[in-house]
Amino acid sequence: MIAEQPNLLKLLADSRFAEGLSNSHLQSLCRAARHIRVPSETKLFQEGSFEDEVFIVCSGHVRLSMNVPGQDDVTFLTAGPGDLVGWSGLISDGRMTATATTVEETVLIGISGRRVQQLCEIEPELGYVLMRRVAQILSRRLLATRLQLLDLFHQNTGAAQ
Amino acid sequence: MSSKPSSEFPFSPPAPDSPANHNPDGTSLFLPRDDLNTLIGKLTADGYQVVGPRLEQEAIIYGEISGADDLPIGWTDLQEAGKYRLQPRGDQAFFGYTVGPHSWKKFLFPPVAVVATAERDGTGWKLDTPDAEPPKYAFLGVRACELAAIKVQDRVFLGGPYTDPIYQKRRNAAFIIAVNCTQAASTCFCTSMNTGPRCTAGFDLALTEISDGFLLEIGSAAGNAVASGLSLQPASDEQSGRGESARQQAVSQISKHMDTTDIRDLLMGNLQHPRWDDVANRCLSCTNCTMVCPTCFCSSVKDVSDLTGDHIDRERRWDSCFNMDFSYMNGAPVRNSIHSRYRQWMTHKLASWHDQFGSSGCVGCGRCITWCPTGIDLTEEVAAIRSSPSSGRSERPPISDAEVSAT
Amino acid sequence: MTVAVDPHNPWLARTVRIRRIVQELPGVATYDLCFDDAEIARNYSFRPGQFNMLYLPGLGETAISISGHPRRVGVIPHTIREAGSVTTGLAGLPENSCIGLRGPFGSAWPVEQCAGRDVVLVAGGIGLAPLRPAIYELLSQRDRYGKLILLIGAREPSAMLYPAEYNEWRDAGMQVEVTVDRALDGWNSHVGVVTALLDRVPLENPSGTLLMTCGPEVMMWYTIQGAISRGIPADSIYVSLERNMNCAIGLCGHCQLGHEFICRDGPVFRYDRVASILKVDNL
């Protein structure tokens with residue numbers, strides 16, 4: 001992974017993740033963040049491992065998969081620009097629930113989950129705004145998972161002919 | 001009406017301006033009681049199949065009549081929600097009843113009709129539509145609400161981008177003799193729907209029955225032609241006065257009312273109202289209301305083949321939104337509960353009909369109330385929703401600031 | 001002039017011949033239909049999003065959207081999934097068989113209104129079929145439009161409809177993104193619901209963007225919600241709805257959804273016109 005610092009603040013501000021965050025909150029977040037460019041087929045983290053770093057995808061795509069014995073890795077989601085991956089580090093103990101692998105060269109903002117949690121303790125307002133944002137993203141992820149679960153495109157569940 | 005097939009829409013009689021009982025010269029006309037038979041005979045001689053009220057299966061239905069003797073002379077009907085009984089009147093009135101289970105739609109929009117055919121032709125098929133001329137009907141005894149119903153079905157079958165040729169041919173050929181109501185049933189509410197009880201337009205001839213005969217109005221050129229062959233007399237003021245009070249009796253007997261103020265928005269804004277569950281507990285989804293309704297037009301076309309499979313009729317039959325498979329799609333019915341089917345019927349009839357055809361689908365004839373086996377009365381259902389409209393959101397009251405701070 | 005549908009005799013079906021059958025997916029095939037009558041063939045034209053009633057004598061009719069190029073005269077392709085008795089009967093017919101056709105019926109995708117605007121098309125499953133004529137039409141005059149983005153969702157990689165054409169569309173100037181609900185080894189594109197693609201597609205001018213969607217109702221609903229949250233106005237969103245159609249001419253009552261007749265007022269609707277009735281149970 002190559003760490004870069006070319007205007008991290010702008011990169012963060014431009015991401016869909018940052019919608020609704022104030023400039024001062026973004027500056028606080030930047031103190032816990034780094035900018036990285038990752039080549040294709042790089043594993044960002046492994047299901048079951050403990051990780052501190054949370055990623056916001058700026059460009060490129062990341063494959064999220066789970067290991068199913070007998071089937072190898074089953075990809076269930078492709079994360080793209082604006083998506084959050086590895087969020088367990090932000091709200092729980094940091095044990096990863098999926099394996100994340102880049103599918104192409106990908107630019108990410110990596111944020112230390114531990115440092116963000118510390119920031120949030122110091123700045124409860126930032127904590128509230130940030131956790132609200134994360135909850136919004138996760139609720140959208142949950143909805144998308146439900147739609148996947150509904151298996152809408154299966155025969156007889158109906159598509160206009 | 002039998003005037004030339006008109007490309008105009010909606011149908012309007014040639015001279016409807018003065019809906020009084022005058023002939024074109026302005027004189028009131030009187031048809032003696034015994035000459036009703038002459039009128040029927042003249043229409044028959046003109047090639048019409050005359051259909052009118054007759055007694056059958058303990059009801060007054062509409063069927064072919066060959067003379068005035070076939071009419072339900074001296075009979076009336078007693079109607080309430082879920083109840084219909086015939087009773088002798090004690091007089092010799094021809095039209096002393098309100099409306100029965102039939103309506104004229106069964107002649108204009110037949111319950112079963114072949115809309116297209118397919119004949120095997122070598123390796124392919126010859127596809128065609130029937131072009132046989134339908135019977136030329138003269139309807140005798142069409143009430144004001146029924147004239148309104150015909151007008152409603154005109155909009156459905158003739159007013160859109162595609163016209164139904166079966167309805168069109170029958171409608172163009174029909175001769176309409178309206179009869180003003182001189183009494184009302186407890187189920188009648190035409191005054192709420194602005195459709196009656198007075199016949200004002202949409203007829204060739206209109207009659208008001210009085211004891212010694214009929215006051216006669218002419219509504220079209222075709223009506224005038226038929227009337228000119230009758231021995232009509234100028235009506236006396238006394239006869240006209242008796243006619244007026246007979247018609248007024250119908251108005252004063254109407255007891256049922258439906259408030260139609262903003263009814264479209266009321267019902268479409270209450271699609272999740274708890275009343276639909278309530279009525280669903282009483283509704284049997286039997287389809288009676290849709291079969292007796294003079295405006296319900298739902299149908300299904302299915303292929304009917306002979307044994308060889310070489311000749312196929314595409315047969316259209318009346319269908320009903322109360323039938324489970326009416327909304328069948330992708331392996332399951334969309335409206336799979338009585339709740340949703342009753343809601344579909346009533347919101348269509350009273351609300352979305354306005355969007356679709358520019359008028360209500362209900363003419364206030366009351367048939368759906370009389371012929372409902374459990375006596376559901378749509379006017380009561382509307383009133384119930386009107387008395388407690390829902391906001392469209394959930395019924396729970398909002399949490400107050402006090403409750404928030406208390407927790 | 002002999003036209004396919006006479007407004008005063010709309011029950012009359014015309015004879016068409018199955019010129020070619022292309023098996024697209026298991027249970028899904030495209031039927032190229034041609035009128036026997038040369039004059040009808042010449043006069044027949046349709047707008048993207050419209051449908052025909054296809055008739056198999058003895059089995060009945062079924063409504064099928066037209067999936068071909070609106071500017072290509074003579075051949076009318078229909079992509080059909082075996083579902084009911086008519087479509088199953090159709091699946092048993094060989095090329096060169098004759099069937100009946102009435103049409104075209106219904107409303108169309110608002111291709112005219114796309115001029116000068118960015119356009120997003122969101123298709124789910126076989127819902128790509130009714131959108132394909134709009135794709136062809138947009139690409140046939142590519143210069144008239146801004147960015148063209150097509151998002152396609154399918155159950156799994158093998159269930160992608162018309163995959164051979166995606167690169168042609170890309171070459172003609174359309175961004176085409178595909179995603180599947182269930183990935184398999186060797187799938188290099190997106191995994192996840194098609195609404196997630198819409199969440200992250202770059203929109204430079206959302207308020208001037210027009211979106212068309214066709215697929216299962218649930219998919220369309222969340223596509224619409226996603227589009228609105230991205231700033232696409234409700235009156236710039238178009239959906240293709242489906243109900244049981246029996247007559248196709250607004251006379252039989254079957255396909256009503258609230259105040260709309262799907263056959264006559266639809267199948268393509270501007271979203272704000274049907275917003276209040278889309279999420280009412282069993283309507």
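No lab work stands behind these numbers, since they all come straight from the coordinates. What you see is a predicted model; the values in this text were computed from it and never measured. Neighbour counts are summed over all protein chains in view; Cβ atoms, including those assigned to glycine, are modelled from backbone coordinates with ideal geometry.
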Determine the principal axes of the Cα atoms in the protein assembly as shown, then give the extent along each, sorted from largest to smallest and rounded to whole angstroms. 109, 78, 48
Of the listed peptides A:119-127, C:257-265, C:114-122, what is their order by residue-averaged count of other C-beta atoms within 10 Å, with the highest listed first? C:257-265, C:114-122, A:119-127
Please rank A:58, C:255, fewest neighbouring Cβ atoms within 10 Å first, as an exposure proxy. A:58, C:255
Gaussian network model of chain B, Cα springs within a sub-10 Å range: biggest mean-square fluctuation belongs to which of B:212, B:128, B:34? B:128
Report, in degrees rounded to the nearest 10, the 0 to 90 angle that the Cα long axis of helix B:36-45 makes with the longest principal axis of chain B. 90 degrees
Kindly rank B:119-126, B:290-297, A:84-91 from highest to lowest mean number of other beta carbons found within 10 Å of each residue. B:290-297, A:84-91, B:119-126
Radius of gyration and Dmax for segment C:1-156's Cα atoms, expressed in Å? 16.0, 48
Can you list residues from other chains, or at least 5 along the same chain, whose modelled amide H is less than 5 Å from the amide H of residue B:129? B:117
Percent of all alpha-carbon pairs of chain B at distances over 35 Å, whole number, is 33 percent
Count the DSSP beta bridges whose two residues both fall in segment C:202-283, then state the antiparallel fraction as a percent rounded to the nearest 5. 60 percent
With label points set 7 Å from each Cα along the Cα-to-Cβ direction at residue B:61 and residue C:85, the distance between them in nm comes to 2.9 nm
Residue order, fewest to most beta carbons within 10 Å, for C:46, A:55: C:46, A:55
Within 10 Å of the Cβ of an average residue in C:4-14, the count of other chain Cβ atoms is 6
By average C-beta atoms within 10 angstrom, highest first, the peptides B:236-243, B:171-178, B:137-144, B:323-330: B:137-144, B:171-178, B:323-330, B:236-243
Where both residues lie in segment C:111-277, what percent of DSSP beta bridges are antiparallel, nearest 5? 20 percent
Could you tell me the distance between the Cα centroids of segment C:215-283 and segment C:59-91, to the nearest Å? 21 Å
Taking beta carbons within 10 Å but only from partner chains, what does the mean come to for residues C:92-105? 2
Which shape class, rounded, prolate or oblate, goes with segment C:137-249 when its Cα gyration tensor gives a ≥ b ≥ c as root eigenvalues, a/c under 1.5 marks rounded, and past that a/b bigger than b/c marks prolate? rounded
In what sequence do B:195, A:75 fall when counting other Cβ within 10 Å, fewest first? A:75, B:195
For peptide C:181-188, compute the average count of partner chain beta-carbon atoms within 10 Å of each residue's beta-carbon. 5
Please report how far the C-alpha centroid of segment B:199-268 lies from that of segment B:275-302, rounded to the nearest whole angstrom. 30 Å
Going by Cα centres, segment B:351-372 and segment A:66-113 are how many Å apart? 59 Å
In deg cm²/dmol and to the nearest 500, what is the mean residue ellipticity at 222 nm of the protein assembly as shown if only DSSP H runs of at least 4 residues count, each as -39500 (n - 2.57), divided by the residue total? -8000 deg cm²/dmol
With a ≥ b ≥ c the root eigenvalues of the C-alpha gyration tensor of segment B:320-374, is it rounded (a/c under 1.5), prolate (a/b larger than b/c) or oblate? oblate
